[in-house]
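Trainee: Sharing a structure with you now.
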Amino acid sequence: MPKVHVFARDHINTDEIIPARHLTTDVESELAKYAMEDYDKDFVRRVQPGDIIVAGADFGCGSSREHAVWALRGAGVAAVIAPNFARIYYRNSINNGFLALECDGIVEAFQDGDPADLDLKGGTITNTRTGQSLTFVPVPQFALDVQKAGGWLEYMKANDQAALEAETLSAHSTQAGHGHPGQEEQHA
């Protein structure tokens with residue numbers, strides 16, 4: 001059963017997730033050695049594959065480095081759960097097939113080292129020590145598909161490009177008119 005690593009402070013930035021001095025590679029296993037180093041030097045010795053980080057609000061603020069996602073994933077972290085995320089970190093997580101789950105009250109529900117049961121389909125995380133269960137913001141199906149594929153590039157490779165383009169081109173927003181090229185105006 002995965003364990004939770006609690007980083008309760010709000011506004012943990014990408015330089016704390018992976019310090020800039022270690023951005024000499026994009027190899028996850030190398031970056032993993034330094035994950036959360038400036039916040040908790042022992043984190044990489046304690047984390048096990050499948051473990052979960054519980055963090056305060058605005059996790060991943062700061063620069064837009066994808067290395068922050070790669071370092072955590074390389075260390076074996078399965079998901080980060082926080083009340084909310086910096087927008088760029090959240091998008092980098094989706095693009096890289098990494099789970100960033102939003103859940104109010106998450107920091108108060110766990111202590112460092114608590115075992116957790118993460119149910120993506122049911123949208124819950126349960127502290128199995130206390131029995132407390134919380135519901136997180138549902139993960140969009142698109143993000144789950146990208147996560148299952150291993151990231152955006154893998155998702156694109158696995159899907160028929162023509163079908164994806166047809167899906168995009170027939171989206172409601174492209175059919176709205178408003179003077180789009182090729183759209184005939186209808187007169188009364």
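What follows is calculated from the coordinates using simple rules that are stated; it is not laboratory data. Everything numeric in this text was worked out from a predicted model, so none of it was measured. Cβ sites come from the backbone with ideal geometry, for glycine too, and all protein chains shown count toward neighbours.
Trainee: Mind checking the stretch 1-42 for chymotrypsin sites (Phe, Trp or Tyr not before Pro) that DSSP puts in a loop (not H, G, I, E or B) and that have at most 10 other Cβ atoms within 10 Å?
Mentor: On the way: sites: F7, Y34, Y39; in loops: Y34, Y39.
Hits after loop and neighbour filter: nothing returned.
Trainee: Also, I was wondering about something else. What is the antiparallel percent of DSSP beta bridges lying wholly in the stretch 4-139, to the nearest 5?
Mentor: Here the antiparallel bridges make up roughly 35 percent for the stretch 4-139.
Trainee: Let me ask something additional. Tabulate in residue order the Karplus-calculated ³J(HN,Hα) for the stretch 74-87, using 6.51 cos²θ - 1.76 cosθ + 1.60 with θ = phi - 60°, rounded to whole Hz; enter x for Gly and Pro.
Mentor: x, 6, x, 5, 8, 6, 10, 10, 8, x, 6, 10, 4, 4
Trainee: For the stretch 50-121, state which trypsin sites (Lys or Arg not before Pro) are in a DSSP loop and have at most 15 other beta carbons lying within 10 Å of their beta carbon. Before the final figure, lay out each step's value.
Mentor: Details: sites: R65, R73, R87, R91, K121; in loops: R65, K121.
In loop regions of the stretch 50-121 (DSSP not H, G, I, E or B), the sparsely surrounded trypsin sites (Lys or Arg not before Pro) are K121.
Trainee: Output wanted: per-residue J couplings in Hz (rounded whole) for the stretch 102-107, from phi through Karplus 6.51 cos²θ - 1.76 cosθ + 1.60, θ = phi - 60°, x for Gly and Pro.
Mentor: 9, 8, 5, x, 5, 5
Trainee: Related question: What pairs from K41/K148; K33/K148; K3/K33; K3/K148; K3/K157 go past 29 Å between their alpha carbons?
Mentor: K41/K148; K3/K157
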